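Notes follow once the structure below has been shown.
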Amino acid sequence: MIAYRAETSLVSVLREHLARSDDARTLVRQIFETEADFLPDPMSKTLTLRIHHLTQAAHDQVLEKLCATLNETQTVFPGSLPALIVDAATTVPLMPVGSMGSRLSAQKPIRLDEE
């Protein structure tokens, strides 16, 4: 039930940015099925979730808006150390495999700890 509520919340955010609001749930499912990279940065205590391109450029634009909305919440998850940054691969170039570069999105992180 919690997963359904989380999905429904994401759908409501996406509906604001789609020409056809009925496509929101389908787009959320596409986002869930899309490949993503987890990029830890121990120096800044962040973990970036970088979601790869979607099937259409218009969907990538909506994904960028969703990422910005999620990052604005600065949600804190007790018991976890890094801050989580949700990012669309369309906003920042992908780093080479194995790279631990420090270039991250300028968006505000979702805080996972109080530190």
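Here is how the numbers come out for the structure above:
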| read-out | value |
| --- | --- |
| Single condition V62 does not satisfy, out of (1) modelled with pLDDT of 85 or more; (2) closer than 14 Å to V13 by Cβ; (3) of a type in the set (V, I, T); (4) in contact with a strand residue (DSSP E or B) (Cβ under 8 Å, 6 or more places away or on another chain) | (4) |
| Answer residue from segment 9-56, given it is touching a strand residue (DSSP E or B) at 6+ places or on another chain (Cβ under 8 Å) and β-branched (V, I, T) and is surrounded by the fewest Cβ atoms within 10 Å (Cβ to Cβ) among those | T34 |
| Cβ pairs under 8 Å, 6+ apart, first in segment 42-64 and assigned to a loop (DSSP other than H, G, I, E, B), second crowded, with 17+ Cβ neighbours inside 10 Å and of a type in the set (V, I, T) | H53/T90; L54/I31 |
| Residue satisfying all of: in segment 30-41; closer than 23 Å to S9 by Cβ and in a strand (DSSP E or B); modelled with the highest pLDDT among these | A36 |
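The values are calculated or read from the model by the stated rules, or taken from the named source; none is laboratory data. Owing to the predicted nature of the structure, the values given are computational and were not obtained by experimental measurement. Because the Cβ atoms are built from the backbone with ideal geometry, glycine has one as well, and the counts that use them run over all protein chains shown.
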